[in-house]
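Derivation of every value follows stated rules applied to the coordinates shown; laboratory data play no part. Since we're looking at a predicted model, the values are computed, not measured. Positions of Cβ are backbone-derived with ideal geometry, glycine not excepted, and every protein chain shown enters the neighbour counts.
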Amino acid sequence: MIPAQFDYLAPTTVEEALAALAEHGDDAKIIAGGQSLLPVLRMRLNAPEFVIDIGRIDSLRGVSDDGDAIVIGAMTTHVDVGKDPLVAEHATLVTKAIEHLADAQVRHRGTFGGALAHADPAGDLGAPALALDAEFVITGSGGERRVAAADFFEDFMTTAIADDEILTSVRIPKHTGWGAHYEKFVRVAHQWPIVAVAATVKTDGGTISEARVGLTNMGSVPLRATSVEQALVGQPATDDAVRRAAASAAEGTNPPSDLNGDADYRKHLATVLTRRAVLAAAGA
Amino acid sequence: MTATAEPQLEIGRDRRRKEDQRLITGRTRWTDNITLPGMLHLAMVRSPFAHAKITNIDTEQAKKAPNVVTVVTGKDLGEEQGSLPNAWPITPDQVTPPHPPVAIDRATFAGEIVAVVVARSAAEARDAAELVDVDYEELPAALDLKEAANDTTLAHPDLGTNKSALWVFDSAEAGTGGNVDEAIQKAREGDGIVIEREYRQQRLIPAFMEPRSTVVDPTGEQITMWSATQIPHILRFLLAAVLGVSESKVRVIAPDVGGGFGGKLQTTPEEFITMVLARRLGKPIKFTETRSESMMAAHHGRDQWQKLTLSAEKDGTVTGFKVELLADLGAHVSLVGGGVPVLGAFMFNAIYKFPAYHFAVQTVLTNKAWTDAYRGAGRPEATYAIERMMTELAAELGVDPLEIREKNWIKHEEFPFTTVAGLEYDSGNYEAATAMAKEHFGYDELRAEQQRRRESNDPVQLGIGVSTFTEMCGLAPSRVLGSLDYGAGGWEHATVRMLATGKVEVITGASAHGQGHETAFSQIVADRLGVPFEDVEVLHGDTQVAPKGLDTYGSRSLVVGGEALVRAADKVIEKAKPIAAHMLEASADDLEFKAGRFGVKGTDQGVAMAEVALATFAAHDLPDGVEPSLDCDATFDPVNFNYPHGTHLCAMEVDTETGAVKMRKYTCVDDIGNVINPLIVAGQVHGGLVQGIAQALWEEAVYDDSGTLVSASFVDYLVPTAADTISFDVDHTTTPALTNTLGTKGVGEAGTIASTPAVVNAVVDAIRQFGVNDVRMPCTPERVWKAINDGGGGDKTTEAAAPHFDDSGETAIADGASE
Ligand SMILES: Cc1cc2nc3c(=O)[nH]c(=O)nc-3n(C[C@H](O)[C@H](O)[C@H](O)COP(=O)(O)OP(=O)(O)OC[C@H]3O[C@@H](n4cnc5c(N)ncnc54)[C@H](O)[C@@H]3O)c2cc1C
């Protein structure tokens, strides 16, 4: 498990990092927490000539309040996001998802931006980001652009970030007062989800007034269960009503088949987990 | 005489392990930590194909890479590399393919070594390995065990068959019981019961914590090999025998070894390659495998199909058991190889009084990693089969699974008992262990809860699983091994050395790799010689320090090695006696040895062992004709195996909506005779249980249909952690073994052997009302859910892994990867 040789660069500003990317292009890879990249290098699935460590760019760390949204710096570690009060208050779904993300060691090194840039459809942050209509702030030599979550995840482990760009932060519109739950289905504790459902709902006297449901590992990218979201509006937060709405959770999904379950089983799981996630989010 | 308090006995004390500080703080020496001047490093080039002809290997590029010393292929090594040994040909006509450490013209499984790079650093060796260009011509691969048994595709075309050996035991032929076919026939035709099932023992990976590593130093008069092995003595013997080096010129050291579970009971291609190249180049060489290599190419365990037929009378009295196994050897017959299922052959009848028994195993060659011992080796397979079948019999009769067992088991007053497989069980008390387990578990309350959940159609159903196991361990009486054509004996050796300062060095031929021998053996010797626990040093794992031994596996170290130690210590006392008598000016007959002191009976005169040791060292005034040494050796060859037993009860919750299973309660009452160190025993039981539970629920080595190991990392090969298990309820009954002085029984494998069927029985019990009578291991949620919904549960899982570390859309590895 020895990676091929590479040169290591450690810029301290975004501009320096972008300049390095521009210079080395295809031959360079960004390293954030390294929790996904290092296994890739060690198993020699990739052998970049340059590894650009963005860990020393202080401006990429931390969570801030920006009016209607909170802004999570790309280099903020899972642990820091998980215990951040702003996130807990305005994007509870993210806090909930991080509780079960990997193990303590990985959470201490892995980063919010790195996980989303890696875009593993089994990653725990994609579905919450999608459900919360997050905006991805991507910086290139021409400056900053914002990409909606729905456009960010393009395909299996492929995002809207171009080779010469860096994901600098993620903006999450505030969902203050929304109930949230992340229902993750695994065989052993520290595992990527076989299927997971991210649900956040706004309730009004026992009735669901708005709902957002994201699905993890039900296709090559994180998905929204829009038909469930629509069916939930105006429904009481009861087992029966939610069960009926959740029945369509797997519609239009294309989940993988692997050791942990085939596609049909995953589709079945999606409906059960959606019901459980929504009920828990609604506090029922 | 002054009254003195009895000193506290060491045996039975919860001693913290002497080993732990150095192991936990990492301040110890693992093989991979060893660095010698001028040492070279290896990287292996391995076949990506399950079966392929090697048509050409171009090493030119690799040889030119920085700091590469040489690159060798199987052809280059030729005869010099020898053929890896199989020490247990189970039949005289066993078909055994040659096994060169580096494949010569054909790769026979994905992961087999086809070339070796030697370089000045491990990184440079790895880089250069990527430059070795191998041309393969893919051949059809024998992968499925059942198909391979029909010779549909040949794993080794030259051999003309995949069938390696057929080994049979029949109680009618052996004269130990009746004819099983007649018993089954009678049950079928009369009003008896016949239960027929087919179970799959999935392939498992031992997954020891420390990957295998070997260092060879050829620069002294002796060639020294350090290796992360369970078997330094056997390794030394076989290196000498296979490579034609004088045994006296080889020294093997197993320093601290990070786990083995049978997985390091092997003489490996990597060890032989390191040895051969170090001798060739005259330089020290190290090879340490990566985790991926370990998963792919270190031996695997289990992998059987079990066809089982059990007959019984209508009242549940068993009349016959017929066992027909297919066992997957993988591409080579490994060190113990086909012997693993044979170690199970005597255990399918377990604790029950079957009047007729038949066992047959066909070992089969396939194009997968070789298989060999894995914790329990043969006995977990047997225990699984019988404990599942007894539960099925109970279900068929509609009676409690404990009731059917009690009806058929050997009663405690019937010991010693000769079984239908011809073994004599010396002692046991199944009634006592079961009664205690039931009480701890709250058996009746849990049964009542199960009933309530069934009646209310609770989405979470509860199941209770039983396993009343026994096993044979303490390998082994040499004569029995001889009668089974095993290539060695089963004795163990010990030496006790009395140092001048009164300290004691104990040398054992057992080779601990995590068991805590240094602690437990110190306790035994401390009591025996009456010296402080701290004054005993246990030395092991180096053929120059411990020249005789047969190493550690098969729960043998205490029951065989411990007995050798007791005998050596007793000899020391005998040898010290005349010297003590001389010092006390008394007659040896008037001396008694107690609490470390020779005392003159009826007086308060005496000398401590330490004083005798010093006097012997000085040798100034010894009786005539007495040699100035107290040191003694003993070699113990057991006359029988050792039979721990126990009752394990497991409650599992099954979420019927998802198929997820959750352990609710696990109680085990093991009878392992007298306990030397309860803390170590608890560790062995807990770890053993988890390993057995892991077979039931999580672990499986899966190959896809091109013969690639899919569960090739810990992302897909699910080894549980503490977060996945519950607190076990562990207790013991004590029926001392009669075959060793300490009355101890082996405990290293018991938990693993017993727990697997307890868990699966519980899962099946939770969902039997849906028409389910089996769920294939590991009981994944998918399988459980499908079983509930279509009564199946026997399906294979999809042979694909989730590619979390793919890097799609990125440039693939640039330089000329091998193929
Ligand atoms: C044992 C283990 C278990 C895990 N379990 C889970 C789990 O249960 N759930 C889960 O969701 N995840 C899990 N992960 C993954 C974990 O969340 C990783 O931290 C995450 O996927 C990658 O984050 P990182 O900061 O380590 O990124 P890195 O590994 O450093 O980078 C990952 C990829 O993203 C790119 N990248 C990183 N940052 C940026 C950026 N700012 N701009 C552009 N590109 C960037 C890199 O070039 C690389 O291609 C697990 C990982 C491990 C090792």
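Brief remarks follow.
- Efficiency of FRET between A:Gln230 and B:Lys662 - r from beta-carbon atoms, R0 30 angstrom, step 0.05: 0.30
- Cα centroid separation, region B:312-376 to region B:616-669: 25 Å.
- Cut-off 19 Å (backbone N to label point 7 Å along Cα→Cβ of A:Leu38), residues of region B:681-717: B:713-716
- For region B:1-154, the number of Lys pairs separated by eight or more positions or lying on different chains, with C-alpha atoms closer than 27 Å, is 6.
- Summarising the label geometry, the points placed 7 Å from Cα in the beta-carbon direction at B:Leu243 and B:Ser121 lie 2.7 nm from one another.
- Between the C-alpha center of region B:115-144 and that of region B:474-548 there is a gap of 41 Å.
- Estimated [θ] at 222 nm from DSSP helical runs (n ≥ 4, -39500 (n - 2.57)) normalised by residues in chain A, nearest 500: -8500 deg cm²/dmol
- One decimal place: the segment B:Phe415-B:Asp105 gains 106.0 nm when fully extended, by the rule 0.36 nm per residue minus the C-alpha distance.
- The lysines whose alpha-carbon is closer than 25 Å to the alpha-carbon of B:Lys314, local same-chain residues fewer than 8 away aside, are B:Lys186, B:Lys322, B:Lys353, B:Lys407, B:Lys411.
- Within region A:1-16: backbone nitrogen closer than 17 Å to the A:Val188 label point (7 Å, Cα to C-beta): none
- For region A:160-172, the Karplus equation 6.51 cos²θ - 1.76 cosθ + 1.60, evaluated at θ = phi - 60°, returns couplings of 6, 6, 7, 4, 9, 10, 10, 6, 9, 7, 10, 9, 10 Hz by residue, with Gly and Pro reported as x.
- Under 5 Å between amide hydrogens, built in the peptide plane, is the criterion, and for A:Thr203 it picks out A:Gly179, A:Ser209 among residues at least 5 positions away or on other chains.
- Close amide-amide hydrogen proximity is noted between B:Glu112 and B:Ser47, each under 5 Å apart and 5 or more residues distant or on a separate chain (H modeled in the peptide plane; Pro and chain starts excluded).
- For region B:640-761, the relative contact order comes to 40 percent (Cα pairs under 8 Å, sequence separation of at least 6).
- The phi torsions of region B:689-701, fed into the Karplus equation with coefficients 6.51, -1.76 and 1.60 and a -60° offset, translate into couplings of 4, 4, 5, x, 5, 4, 5, 5, 10, 10, 8, 6, 8 Hz, rounded to whole numbers, with Gly and Pro shown as x.
- Shape class for the protein assembly as shown, computed from the alpha carbon gyration tensor (a ≥ b ≥ c): prolate, with a/c not under 1.5 and a/b above b/c.
- Förster-model FRET efficiency, 30 Å R0, B:Glu406 and B:Leu166, C-beta, rounded to 0.05: 0.25
- Computed from the C-alpha gyration tensor, the three semi-axes of the ellipsoid equivalent to chain B are 43, 39, 24 Å, from longest to shortest.
- C-alpha center-to-center spacing [region B:553-579, region A:7-30] in angstrom: 67
- Fewest neighbouring Cβ atoms within 10 Å first, the residues A:Phe136, B:Phe208 line up as B:Phe208, A:Phe136.
- Close amide H contacts of B:Ser334 (hydrogens built in the peptide plane, cut-off under 5 Å, sequence separation of 5 or more or a different chain): B:Thr371.
- The relative contact order of chain B comes to 15 percent, based on Cα pairs under 8 Å that sit 6 or more residues apart.
- Put simply, region A:58-173 fits an ellipsoid with semi-axes of 20, 16, 14 Å; these come from the alpha carbon gyration tensor as the roots of five times its eigenvalues, largest first.
- Whether region A:6-115 is rounded, prolate or oblate, judged on the alpha carbon gyration tensor where a/c under 1.5 counts as rounded: oblate
- Relative contact order %, region B:413-481, counting alpha carbon pairs below 8 Å whose residues are six or more apart: 18
- A simple rule links phi to the HN-Hα coupling: the Karplus curve 6.51 cos²θ - 1.76 cosθ + 1.60 with θ = phi - 60°, which for region B:723-739 gives 5, 9, 10, 10, 6, 8, 9, 10, 9, 9, 9, 10, 10, x, 5, 9, 9 Hz, with x for Gly and Pro.
- Mean Kyte hydropathy of 0.0 or more with a Cα span along the axis of at least 24 Å, helices from DSSP in chain A: A:263-281
- Model label points for A:Glu23 and B:Arg280, set 7 angstrom from Cα along the Cα-to-Cβ axis, are 4.4 nm apart.
- Förster radius 51 Å - calculated FRET efficiency between B:Glu396 and B:Asp58 (Cβ-Cβ, nearest 0.05): 0.20
- For B:Tyr486, B:Tyr384, A:Tyr265, the sequence from fewest to most other C-beta atoms within 10 Å is B:Tyr486, A:Tyr265, B:Tyr384.
- Taking 7 Å steps out from each Cα toward its Cβ at B:Lys601 and B:Glu182 produces label points 5.9 nm apart.
- Whether region B:19-162 is rounded, prolate or oblate, judged on the alpha carbon gyration tensor where a/c under 1.5 counts as rounded: oblate
- Using alpha carbons only: equivalent-ellipsoid semi-axes of region A:7-53, gyration tensor based, whole Å: 19, 12, 7
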